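Read the figures in this text as sums done on the coordinates, not as results from a lab. What you see is a predicted model; the values in this text were computed from it and never measured. Glycine gets a Cβ as well: all are built from the backbone with ideal geometry, and neighbour counts include every protein chain shown.
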Amino acid sequence: MPDDLSIHARALTRVYKAKPEPVTALGGVDLDVEPGEYFGLLGPNGAGKTTLIKILTTLLLPTSGTARVAGFDVVTETAKIRRVINMVAGGEQSGYGLLTVREQLWMFSQFYGLPQRDGWRKVDGLIEVTGLQEQRDQKVRTLSTGQRQKLNFARGLLNDPWVLFLDEPTLGLDVAAARDLREHTLAWKAGAPGRTLLLTTHYMVEAEQLCDRIAIVDRGRILALGTPGQLRRRVQAESIFRIELDHLPENGGLDAIAGLPGVVSAVRTDDESSEGAGADRVALKVALADDSALTSVVTAVAERGSHLVGLAKSEPSLEDVFVELVGRGFGASDEDGGSRS
Amino acid sequence: MTDRSAAVRGISLADAWRSFRTAIRLGWAIEANWSDPFLFAVYTMAKPLSAAMILVVMYSIITGGQAGKFLQFLIVGAALWNVVYGVLAGLVQSILEDRERYRMMKYVVVTPSSLFPFLLGRSLARVGVSLVAVVLTLAVGVLFLGVELRLNLLLLVPASVLGLVAVMGLGIFMAGWCLQLRQEAWSYPEAIAGAMYLVSGAIFPVNVLPAVVQPIAWAMPTTWWLEASRRGLVGHGSPGDIGALSDGTVMLLLLASTVVVVPLALAAFAWFMRAARHKGLLDMTTGS
């Protein structure tokens, strides 16, 4: 049932009027996000991620299609949606610079309808959670980018939202501040069941670390959707292992391994790490139809007198998945694609 | 999710009141803290006084220093106009500052609080400052320029309340309109306020305006508010046809024009909000 979902979108389209021709930022997006799910939209600049968030947070009307958040329609039930969502955007210097951290948060607690005393209690709690105690009475204009984003994040949790939208939340942050923010996000999820997150990012690590499922988006369309593992398997059906041995197996060696059930291929691939480690040391690249075939490979190696020195699974990255799907890397965002986010 | 969804309510009057109250505090923090208190006080006093004094000097030169009833008409009109300008500028600045400078409008919009009470509250600090300007200008008029106060609170109070509601209506219309415009739009309301200044009988009696403009003047609630407030402050004596009308007629026309303008302004604001949502302007930074 669409009403049971945190987010439900069907054929969602957004076209901006522009010259010389209209620009399609979203081209018929279908999306379902379950309650309690952390969902990532991964894509380059201009993919349409922010446009989708704007529609779902009621800032923008879709050109066509339908979308529901927490069971409410984004076009006609905005007041109800706004009570159960919150949003944090990154990469900007927003904030009422003349207010202190505490004042700004309290002000928003009032916009969310918290009684005064509860508002102050909530504000102080979030200041502590986000590590802004030292800055609590500091004016917003004096905060660093990372501190501002922590403040922004604290504001995003004021109403204890059912669905939290994070739009490139770590954009422009240093490594430590970005890590802190990701940790806060995971801690928020652990705080109560059913909390849903929609994250847009073009950082692979962030998407992998935070999200249960990821949609790869480009030019306003969802190209692939699944768990990080499922997405990786789209570009690499087999499991690839790098096996390092003290010497080449006897009695048929590589051919014997390649002939084992479940083994797709086995090739010698001596590289820098195996060179110089020992005169006889070898590295093999073994492709398996399934991870379970690894046991028979290790057994066969041992039976043929070789000893396992190293074992590592070779995984494709999400960027590999993106390149496979789109035909270009994240760095080479297609400006001509015309998507506007 | 469905059970929880059923428990979610829309915006209540209490929500609107809480937002309004909080926005007043925000507006005051922004209005009063852009400079140190001394400079703020000097600016608050000097701006309206200098604007009024320019008019007085021009009038004195033209009339050869002959003070008269018209000087009183001029000073009271110029003083009261500070309120109109304060409301219009306050509302428009709120839109532009929150969207473009502080970049917080999108975060306010996605709260359950409506933007409407937020804007009203946010602009009220400016109205407060403009009331100081009214008092100061009138005080200078009384002390140095021969303005004679004949207070009629039974007329002044309801006229002020109705007038403020009407001017807020005009301001909210203009704020919605500015939502559609670029950052430089702050100057448009100033231009419109300037035009209204000329046609609302603030400094020129409506009878001396060109014939084509006079119907606009008669339709403006500001015209009736200024006349009712003048009578409440200094009694009768406005030049032209308007001076001959009874107090009841002036108040009735103020009420009628307000009743027409305010619902239209609210409907227009709702339409402008939807248009801004349609065009994606609520979080747009246009100051490039």
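When +1 charges are put on Lys and Arg Cβ atoms and -1 charges on Asp and Glu Cβ atoms, the dipole computed for the stretch A:2-233 relative to its Cα centre reaches about 440 debye.
The C-alpha atoms of chain A define a longest principal axis, and helix A:116-129 lies at about 30 degrees to it. With a cut-off of 13 Å between beta carbons, the residues surrounding B:Leu149 carry a summed charge of +2, where Lys and Arg count +1 and Asp and Glu -1.
For chain B, the longest principal axis of the Cα atoms and the long axis of helix B:153-178 meet at an angle of about 50 degrees.
In the protein assembly as shown, helical runs assigned H by DSSP with n ≥ 4 each contribute -39500 (n - 2.57); averaged across all residues and rounded to the nearest 500, the mean residue ellipticity at 222 nm is -16500 deg cm²/dmol. Per-peptide packing, taken as the mean over residues of other Cβ atoms within 10 Å, places A:109-120, A:33-44, A:88-99 in the sequence A:33-44, A:88-99, A:109-120 from highest down. Only beta bridges with both residues in the protein assembly as shown are counted; by DSSP, about 65 percent of them are antiparallel.
Kirkwood analysis of the stretch B:101-177, using all unique Cα-Cα pairs, places the hydrodynamic radius at 15.3 Å. Build a GNM of chain B with springs between Cα atoms under 10 Å apart, and of B:Asn33, B:Asn152, B:Asn82 the one that fluctuates most is B:Asn33. Charged neighbours of B:Pro117, selected by a Cβ distance under 12 Å, balance to +2 (K, R count +1; D, E count -1).
Residue pairs exceeding 28 angstrom between C-alpha atoms, taken from A:Lys17/A:Lys189; A:Lys122/B:Lys106; A:Lys54/A:Lys313; A:Lys80/A:Lys189; A:Lys189/B:Lys106; A:Lys49/A:Lys150: A:Lys17/A:Lys189; A:Lys54/A:Lys313.
Comparing B:Ile192, B:Ala244, B:Phe173 along the charge dipole axis of the protein assembly as shown, the residue lying farthest to the positive side is B:Ala244, per the Cβ-charge model. In plain terms, if you count all Cα to Cα distances in the stretch A:138-267 and split them into 5 Å steps from zero, the share in each step is 2, 8, 14, 15, 13, 10, 9, 6, 7, 6, 5, 3, 2, 1, 0, 0 percent. Start at zero, step by 10 Å, and the Cα-Cα distances of chain A spread as 5, 21, 25, 20, 14, 10, 5, 1 percent across the bins. How much net charge surrounds A:Glu206 when only the other residues with a Cβ under 15 Å from the Cβ of A:Glu206 are counted, with Lys and Arg +1 and Asp and Glu -1? Counting the neighbours of A:Glu206, the net charge comes to -3. Amide H contacts of A:Val264 (H built 1.01 Å from N, in plane; Pro and chain starts excluded): A:Ala287, A:Leu288, A:Ala289 sit under 5 Å, all sequence-distant by 5 or more or on other chains. When chain A is described by a simple charge dipole with +1 on each Lys and Arg Cβ and -1 on each Asp and Glu Cβ, the residue from A:Leu114, A:Thr201, A:His184 located farthest towards its positive end is A:Leu114. Computed from backbone phi, the HN-Hα couplings of the stretch B:51-63 come to 4, 5, 5, 4, 4, 5, 5, 4, 4, 5, 5, 5, 8 Hz, rounded to whole numbers (Karplus: 6.51 cos²θ - 1.76 cosθ + 1.60, θ = phi - 60°; Gly and Pro given as x). Normalised by 2.2 N^0.38 Å, with N the number of residues, the alpha-carbon radius of gyration of the protein assembly as shown equals 1.31. Averaged over the residues of peptide B:14-25, the number of Cβ atoms from other protein chains lying within 10 Å of each residue's Cβ is 3. For chain B, the average shadow cast by the Cα convex hull is 17.9 nm², which is a quarter of the hull's surface. Put a plus charge on the Cβ of each Lys and Arg, a minus charge on the Cβ of each Asp and Glu, and nothing anywhere else: the dipole of the stretch A:1-137 about its Cα centre is then about 440 debye. Pair-distance distribution of the stretch B:44-156: all C-alpha pairs, bin width 10 Å, starting at 0; shares per bin in whole percent are 13, 35, 25, 16, 10, 2.
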